[in-house]
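Each remark here refers to the structure printed beneath this line.
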Amino acid sequence: AMVLRASFYTSYSSSTDERKNNIKVASRYLDNTFVDVGAEFSFNNTVGERTVSRGFQKAKIIVDGEFVDGVGGGVCQVSTTLYNAVILSGLLVTEFHSHSLPVSYVAPSFDAMVSSASDFRFVNTLSAPITIKMTADGKYVRCSIYGVAGRKVTRRSETVEVLPYDTTYRDDDNMFLAEETIESNGTAGIRSRGYLEYEIGGKVVSTQIRTDYYAPQARVILRGTKTKDGHNGDDVE
């Protein structure tokens, strides 16, 4: 009989409807995945292409250190949730990628970004097959991995350095001079380390599994350039 080996969940209740849809669709493609002993799992092969025809919608994704619209935004939260259940299960991760910017739904050094060019893979190094259960109920996306019982593993995220963000100004000819509006709030960058901890003979053993760098994101302020004496006169309200 298969027992619950590890589970992990993240919250997405504040996401847009499109992002919620993508999390649900990706979870459905993953649910009930069977990974035999010695077999390698690939997230991209299992979930498949993130296209509109396969049920995915446009939502925010990170490209070159910026949030932009792309089909399948939110899928990285699913791969991250799965990643955490996988490392808590003691499976061997063979490919993972961190985001270029910090993400809000998981501690630093515990994310796993996926894209058409970047996969998340692991090998079932256990003595029996595993089954992945993936659910998304609109509030939480949850991954449970079933197989043979194993020792309890916990995660520890350590922030080594917080990197301040810059403020940049951009001209906006839809606003008057001296008018300012914040286009995006800045986010601090982070250097972090991820550890797995388990008890051996009453002692806690800590293993560092990764180090990461997440870039700061600038605070962007739009500044008006329009004067009241008739430049862009048609726009004056």
The chain: D in µm²/s via Stokes-Einstein (Kirkwood Rh, Cα pairs, 10 °C, 1.306 mPa s)?
80 µm²/s
For Ala6, enumerate residues with amide H under 5 Å from its amide H, sequence gap 5+ or separate chain, H modeled in the peptide plane.
Ile145
From the square roots a ≥ b ≥ c of the eigenvalues of the alpha-carbon gyration tensor of region 1-107, which class results: rounded (a/c under 1.5), prolate (a/b over b/c), or oblate?
prolate
Karplus ³J(HN,Hα) for region 33-40 (6.51 cos²θ - 1.76 cosθ + 1.60, θ = phi - 60°; Hz, whole; x = Gly/Pro) runs 5, 9, 10, 6, 4, x, 7, 9
Kirkwood estimate for region 19-63, i.e. one over the average of 1/r between Cα atoms, Å:
11.8 Å
Sorted by mean Cβ packing within 10 Å, highest first, what order do the peptides 213-221, 29-37 take?
213-221, 29-37
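What order do you get for 185-195, 161-171, 103-113 when each peptide is scored by the mean count of other beta carbon atoms within 10 Å, highest first? Could you put the intermediate results ahead of the total?
Working: 185-195: 16.9, 161-171: 11.1, 103-113: 20.3.
Ranked from most to least packed, the peptides come out as 103-113, 185-195, 161-171.
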For the full complex of protein chains and a 1.4 angstrom probe, list Ile200, Ile61, Ile132 by accessible area with the highest value first.
Ile200, Ile61, Ile132
Residue-by-residue Karplus 3J(HN,Hα) for region 153-165, coefficients 6.51, -1.76, 1.60, Hz, glycine and proline x:
10, 10, 9, 9, 9, 10, 8, 8, 7, 10, 9, x, 9
Average accessible area per residue (Å²) across the chain - probe 1.4 Å, nucleic acids and ligands excluded
54 Å²
For region 33-183, which whole percent of the accessible surface, found with a 1.4 angstrom probe, sits on carbon and sulfur atoms?
50 percent
Rounded, prolate or oblate (a/c below 1.5 giving rounded, otherwise prolate when a/b exceeds b/c) for region 119-162 by Cα gyration tensor:
oblate
Counting only residues 5 or more places away or on other chains, whose amide H sits under 5 Å from the amide H of Glu183 once H atoms are built in the peptide plane?
Val220, Ile221, Leu222
How large is the translational diffusion coefficient of region 101-228 in µm² per second when you combine the Kirkwood radius over alpha carbon pairs with Stokes-Einstein at 20 °C and 1.002 mPa s?
113 µm²/s
As a test of understanding, state the convex hull volume per residue of region 84-154 from its alpha carbons, in Å³.
119 Å³
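The values are calculated or read from the model by the stated rules, or taken from the named source; none is laboratory data. Just so it is clear, the structure is predicted and the values come from calculations on it, not from any experiment. No Cβ is skipped: glycine too gets one built from the backbone with ideal geometry, and neighbour counts run over all protein chains shown. With ligands, DNA and RNA removed, areas are computed over all heavy atoms of the protein, side chains included. Shrake-Rupley method; radii C 1.70, N 1.55, O 1.52, S 1.80 Å.
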